[in-house]
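Here's the structure, in structure tokens; my notes come after.
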Amino acid sequence: MAEITENLIPKWHRELELFSGIKPLLILEGNVLDQYRYPLQGSVARDEIIPLSRYLHTYLSDNGYGQVVFYSNLVGFMSPYDPAMLNRFAENTGTTIKDGAIQAEFKGNSADTAPNVIRRAMFQRKEATAIVLEMASHYITTPERMDQQDVNSFNILMQSALSSSWVRTTQGKKQNLLILLVNKLNDLPTWFYINNPVCKILMLEAPDREERKRMMTGNNFAAFFSGTVYRRDLPYYTEHPDELERIKERFVGLTEGMTFTELDEMRLLCKKEEISIRDLCTVVDLYKYGIKENPWSRLNMQSLKTAKQDFEKRIKGQDTALERTLDVVKRAVTGMNGVNSSSTGKPKGVLFFAGPTGTGKTETAKALAEKLFGDESNCIRFDMSEYGQSHSDQKLMGAPPGYVGYEAGGQLTNAVKKNPFCILLFDEIEKAHSTILDKFLQILEDGRMTDGQGNTVYFSETIIIFTSNLGIYVKDAFGHREPNVTMDMSYPEVQTKVRSAIEDYFKLELGRPEILNRIGENIVVFDYIRREAAELILKGQVDKIISRLREQKNIRIRIEDFAYEGLKEAAIFDLSNGGRGIGNQVESLLINPLSRWLFDNEISGDANIVIEGFNTSANPPSVICRREEDA
Amino acid sequence: MAEDQNMSMDQIEFMKRMKAIASDLWGGRYTEEETAETPEPEKKKTPQEKPAAKSPLNIHNLWKTADETIDWTDALAHGAPSDGLTGQRLWSFYHKHAEQILSGNLNAYTEVLQKANPLGELTDFAEEINLRAPDPDRIESTFICKEDLLEEDRKQYLSALGLRIARDLLACLPVSEVAVRGEYEGETVYSVTFTRQQLMHRNFAFVDPVALAEECGAQFI
């Protein structure tokens, strides 16, 4: 925060100074509904944050313009900050004031339409005049569908600017000036500004880092807090200026992309809620998400300590992968994460799960959601194979105005808007179209995304997980698919080969190394399900079936040891499909035959069943069972 | 002037001086030349548009209104009214004192209390109201009860006046708590400490002052 420019004047203001004496037609485009910090000492105090209209009135009237008049097609001409200016304007243009405004339609045939009044004002030499056309985006429906009267109106405006008069003032000669405020330049007919030699377009953008720092300096900073809080906290931070600087820096980082209006609203929220200086940054979450209990803040360190054991109950044989996943979470929780939101608003963590199919990648994401947010429904899954088309980004982020589906918004942006504290799981990311990868780049870099409806969605409280089967198969010299890793390789070997193949994919095949850079060292390779883990998975699944039958139907199942051995050998014989393959075998060898046997023996509940054997070679497989009398 | 008969000459002189200072500072709040925004053009008022007559203060509505909170941090940051509602002269007074007030200077507290006279509206409800700021976070106020009001409805009177005093003082200065003590015939009959936290976000139009005072630990003796 040390290097604050003494007199910070934003670029657009410097351009306004530069061109207001040269170009009689200025178009201010972009953030026109925002408020702005007035950077000069003048009729308003320096650094005061004021609406754009007041800003322009102040700047222009302080610089010799005796008539600064605002026009809106709904009200007419006004001069809200100095009514005397409107009186002079009415006199100089031969118009009359009614109810505090000179009423004039934007189009029409009368001599008193707004463009005709503007023409008279721009031609006269009695008083230096600046006319600001507010909401100029809304004077016509669309530039493509203008009727002749619309065209005439803009034509008169253009002619007025082309032959604008110079006027002698106490501050030198001034050229009468026409300023249009538009949200987007293409709201105006292109012929109005393209190849127009007297027109200059100025872009109004959200306050940059320097501007936001400015809000945090001197007495401006005090205005963020209630008097009681500021008086109470100030002595401590006077003693510890470094801590104060860190808080300010963090706030400046977190508010990237926000408008002055948003910053000012956050300031008022901070005051209203009596937020302390130490907790200043919490106002950003409060402002963005409203009152939503932030699960990150109530995350229990103790519960994270046992997370690995909890995870191992659900995911078997993935010690290293679980350890690495939890490392990222721990970094986020302790604020040590390079990609957390503490300073930049980026997502809390980014993980790239790779490895053979059925090894627990999705399950790990769900387990993580349950651990962090109390419920695995907070893991929002997107199957990226559904986003393989070039226009798929619209499905995810929302279609732009005028396109089909605009009202619905985007699937991803809607989900995060509804639940900003979640895990976003993008399954099989390699199947998404490359335009989507560009969107992800922005999310990973800035932590936010603007949807088709113009709403900004923040990803700063999410963990983003990509899963992929990249690196399991590679193409040989003839383009044939061949295994890159096999079950007989050790985990370190699998890990090295998969990582290397992923890097090759992004760098060489896709030509997008920047995506890999955003993921950093967070590629987590899941190992093959090996025999020991497979036995645990099988046992877990069988136990679950038995307990469910007992709870729901009061059917108590016991499997004889030798029968279980038979089931085990058949179920884990082929582990190429990982845990999912074991599940399929359990369904085929146990669930289906057992259901059939229960049905055939008319057992719907309250029974003790002993499974004495599995006939796994039969087609379909069957079970050998007997019913035991109740003990 | 009936109440003046019970006051000493010094007290009467003091009250007059206070009223003059308060009128100078606060009375001009609504005058046209002090409004920061340009006034709306004069409109003919229809009977419906006439402002509702303010009902006179009594012990059954005393706590429902209070002075507007002075935004000392805004006053520190801006030389001109940032809310567009406060007059320039009044704002300049705030601006001049903001730094000292926010640094907890007790002399500045006293000066603001004397000049702003936040309890000026309450003189009809107590024989005397005294203020003391022992530290920058707390104001202590002691009022001498009026016999007739105390007899009318003891708990209601003490709670209503106590709450109103606390609200006005919390609005005036950036303190965290206001201790209020009521005295009658030299004995303490009421004491309570209201914190800013306790009174935040309340709709006082619907608050029962006795219940609130009790909730805040009031002692009725």
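Please treat every number below as a calculation from the coordinates, not as lab data. Given the structure is predicted, the values throughout are model-derived calculations rather than measurements. Cβ sites come from the backbone with ideal geometry, for glycine too, and all protein chains shown count toward neighbours.
Odds and ends about this structure:
- When the Cα positions of A:ILE22, A:ALA533, A:TYR287 are compared along the charge dipole of the protein assembly as shown, A:ILE22 comes out farthest toward the positive end, with charges on each C-beta of Lys, Arg, Asp and Glu.
- Two-site FRET efficiency, A:SER500 against A:GLU312, from Cβ-Cβ distance with R₀ of 41 Å, rounded to 0.05: 0.90
- When both the range A:462-524 and the range A:226-292 are represented by their alpha-carbon centers, they are found 43 Å apart.
- Simple rule: put +1 on each Lys or Arg Cβ and -1 on each Asp or Glu Cβ in the protein assembly as shown, find the dipole, and look at B:PRO209, A:ALA161, B:LEU173; the Cα lying farthest toward the positive end is A:ALA161.
- Cα centroid separation, the range A:341-391 to the range A:34-71: 49 Å.
- Nonlocal amide H pairs with A:THR467, under 5 Å, H built at 1.01 Å: A:PHE353, A:PHE426, A:ASP427, A:GLU428, A:ILE429
- Taking 18 Å as the limit for the C-alpha separation, the pairs A:LYS366/A:LYS568; A:LYS308/A:LYS366; A:LYS11/A:LYS213; A:LYS348/A:LYS417; A:LYS346/A:LYS497 exceed it in the case of A:LYS366/A:LYS568; A:LYS346/A:LYS497.
- Take each residue in B:96-104, count the other chain C-beta atoms within 10 Å of its C-beta, and the mean is 3.
- Placing +1 on the Cβ of every Lys and Arg and -1 on the Cβ of every Asp and Glu, with no other charges, gives the range B:117-221 a dipole of roughly 520 debye about its Cα centre.
- Eligible lysines near A:LYS107 by straight Cα distance, threshold 23 Å, same-chain separation 8 or greater: A:LYS98, A:LYS184
- Applied to the range A:477-489, the Karplus parametrisation 6.51 cos²θ - 1.76 cosθ + 1.60 on θ = phi - 60° returns per-residue 3J(HN,Hα) values of 4, 9, x, 7, 7, 9, x, 8, 10, 9, 5, 7, 7 Hz, with x for Gly and Pro.
- Three-way shape call for the range A:531-628 based on the alpha-carbon gyration tensor, with the a/c threshold at 1.5: prolate
- Converting phi to 3J(HN,Hα) with the Karplus coefficients 6.51, -1.76 and 1.60 and the offset θ = phi - 60°, the range A:451-465 yields 7, x, 8, x, 8, 8, 10, 9, 10, 5, 10, 9, 10, 9, 10 Hz in sequence order, with x at every glycine or proline.
- Amide H contacts under 5 Å for A:THR450, placed H, 5+ residues apart: A:VAL457
- Spin-label model, A:ARG145/A:ARG596: points 7 Å from Cα along the beta carbon direction are separated by 6.5 nm.
- Under a model in which nothing but the beta-carbon of Lys, Arg (+1) and Asp, Glu (-1) is charged, the protein assembly as shown shows a dipole of about 2160 debye around its Cα centre.
- Listed values for the range B:209-219 are Karplus-derived 3J(HN,Hα) couplings in whole Hz (6.51 cos²θ - 1.76 cosθ + 1.60, θ = phi - 60°), namely x, 5, 4, 5, 4, 5, 4, 8, x, 5, 10, and x replaces Gly and Pro.
- Cα shape, the protein assembly as shown, gyration tensor, a/c 1.5 rule: oblate
- Less than 5 angstrom separates the built amide H of A:LEU178 from those of A:LEU25, A:LEU26, A:ILE131, all sequence-distant by 5 or more or on a different chain.
- Taking a straight Cα-Cα cut-off under 26 Å and skipping sequence neighbours fewer than 8 places away in the same chain, the lysines within cross-link reach of B:LYS146 are B:LYS16, B:LYS19, B:LYS54, B:LYS64, B:LYS115, B:LYS155.
- Computed from label points 7 Å out along Cα-Cβ, the spacing between B:GLN197 and A:SER165 is 6.8 nm.
- Computing FRET efficiency as 1/(1 + (r/R0)^6) for A:SER303 and A:ASN419, where r is the C-beta to C-beta distance and R0 is 22 Å, gives about 0.60.
- A:ILE624-A:ASP279 pseudo-label distance in nm [points 7 Å out on the Cα-to-Cβ vector]: 6.9 nm
- Neighbours of A:GLN159, meaning other residues whose beta-carbon lies under 14 angstrom from its beta-carbon, give a summed charge of +2 when Lys and Arg score +1 and Asp and Glu score -1.
- Averaged over the residues of peptide A:214-224, the number of Cβ atoms from other protein chains lying within 10 Å of each residue's Cβ is 4.
- For the range A:209-289, a crude dipole built from +1 on the beta carbon of Lys and Arg and -1 on the beta carbon of Asp and Glu, taken about the Cα centre, is about 120 debye to the nearest 20.
- Computed on chain A, with alpha-carbon pairs under 8 angstrom and 6+ residues apart, the relative contact order is 10 percent.
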